[in-house]
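Participant: Structure in structure tokens, see below.
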Amino acid sequence: MANGTKYFIGNWKMFGIPSSFKIIERIQSYFIADKRNNNKYKIIIAPPFNLIQDFSKRLKKRGILISTQNCFHKDNFGAYTGNISPFMIKKMGINYTIIGHSENRALGENEKKLEEKVYNALRNKLNIIFCIGENMIEKKNNRTMVVLKSQISRVLKKKYNFKKILIAYEPIWSIGSGKVPSDTELKKILIFLKKFVKKKFGVRYNPRIIYGGSVDKKNINNFKSIDELDGFLIGGASKSSKNFIDIIRKFYK
Ligand code: PGA
């Protein structure tokens, strides 16, 4: 069993209406009742922007944390129709944001923007869940490590506090596909990434790295033996309280 605090982060993507709060309530009841927890793990849910303020108000001081799924690359206020800045997120009482999800990269979010997003989010004291991951072609061409190194190097900076950054390794070929890397494959990548971040940015502790891509109750056991893993970013299976709770229950069984 892996050591240290684990993160179970639910990424709802484009899912959720006000009544979906019942999903969070059920997860919360489990979390509060789980006597075995003892700060072993944290739960963060990332609903879409329409629900953020309402959900975070209702959850205040109740264990489960809320994250946004993205933030705009410019800060403060401005003439940017339809966008929400890190400053506005922080003022809602939110402390986490996902940045660089492959679905947003695929829609044209480039690394220059990601660099600005991370910079402005950190300036506003947000914690960041920074997503990286290779696609199937890159994997087949043995370019995984090169791609991951470049995605990290082009966005993160030596001056940053890496305690505020959670790196989410999410291979694109795994997201929503039901396919997951083998435990040996994943372990190798995590060890490589931790070493790389420590060396490149002069970080003296182990940076936290979570895994995302088709995590569910059927495959969660595969991940148990990987000590280097600090948690999970869970998409599809986070839309059902039962699935989400089963993942946590099985992980600690
Ligand atoms: P998935 O999504 O669990 O549905 O594969 C993970 C993610 O995109 O964060």
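Participant: Given a Förster distance of 45 Å, report the FRET efficiency between N76 and S19 from their Cβ-Cβ distance, rounded to the nearest 0.05.
Facilitator: My answer for the efficiency is 0.85.
Participant: Extending each Cα 7 Å along its Cβ direction at S182 and K224, get the distance between those two points in nm, one decimal.
Facilitator: Here the answer is 2.0 nm between the modelled labels.
Participant: Apply the a/c threshold of 1.5 to the C-alpha gyration tensor of the range 29-162 and tell me whether it is rounded, prolate or oblate.
Facilitator: It comes out oblate by the Cα gyration axes.
Participant: Check each of the trypsin sites (Lys or Arg not before Pro) in the range 169-231 and keep only those in coil by DSSP with at most 14 other C-beta atoms within 10 angstrom; list them in order.
Facilitator: Counting only loop positions with at most 14 other Cβ atoms within 10 Å, the trypsin sites (Lys or Arg not before Pro) in the range 169-231 are K179, R204.
Participant: Another question, if that's okay. Rank-order 138-150, 97-109, 163-175 by packing density, defined as the average count of other C-beta atoms within 10 Å over each peptide's residues, highest first.
Facilitator: Descending packing order for the listed peptides: 163-175, 97-109, 138-150.
Participant: How many angstrom lie between the C-alpha centres of the range 181-238 and the range 1-44?
Facilitator: Rounded to whole Å, the Cα centres lie 18 Å apart.
Participant: Could you order peptides 57-68, 84-95 by the average number of other Cβ atoms within 10 Å of their residues, highest first?
Facilitator: 84-95, 57-68
Participant: Next question. With contacts defined as alpha carbon pairs under 8 Å and 6 or more residues apart, what's the relative contact order of the chain in percent?
Facilitator: 21
Participant: Using θ = phi - 60° and the Karplus form 6.51 cos²θ - 1.76 cosθ + 1.60, what ³J(HN,Hα) does each residue of the range 98-112 get, whole Hz, x for Gly and Pro?
Facilitator: The phi angles translate into 7, 9, x, 4, 4, 5, 7, 4, 5, 8, x, 6, 9, 5, 5 Hz.
Participant: Moving to a separate point now. Once R0 is set to 22 Å, what does the formula 1/(1 + (r/R0)^6) return for the Cβ-Cβ distance between E111 and K140, expressed as a FRET efficiency to the nearest 0.05?
Facilitator: 0.45
Participant: Once the dipole of the chain is set up with Lys and Arg at +1 and Asp and Glu at -1 on Cβ about the Cα centre, which of F251, I234, S182 lies farthest towards its positive end?
Facilitator: The residue sitting most towards the positive pole is F251.
Participant: Between F77, L126, F49, whose Cα lies farthest towards the positive end of the dipole of the range 1-154 when Lys and Arg beta carbons carry +1 and Asp and Glu beta carbons carry -1, centred on the Cα centre?
Facilitator: Farthest towards the positive end: L126.
Participant: Right, another one. Filter the cross-link list K164/K250; K194/K239; K163/K199; K139/K253; K125/K250; K90/K250 down to pairs whose alpha-carbon distance in this structure exceeds 25 Å.
Facilitator: Pairs exceeding 25 Å: K164/K250; K194/K239; K139/K253; K125/K250; K90/K250.
Participant: Now a separate question. Quick check on the chain: what does the Kirkwood estimate of hydrodynamic radius come out to from the alpha carbon pairs, in Å?
Facilitator: 18.4
Participant: Which residue, F192, F162, F72, tops the fluctuation ranking in a GNM of the chain built on C-alpha contacts under 10 Å?
Facilitator: It is F192.
Every number here is computed from the coordinates shown, using simple stated rules; none is lab data. Values in this document were obtained by computation on a predicted structure and should not be read as measured data. Here Cβ is always computed from backbone atoms with ideal geometry, including for glycine, and neighbour counts include all displayed protein chains.
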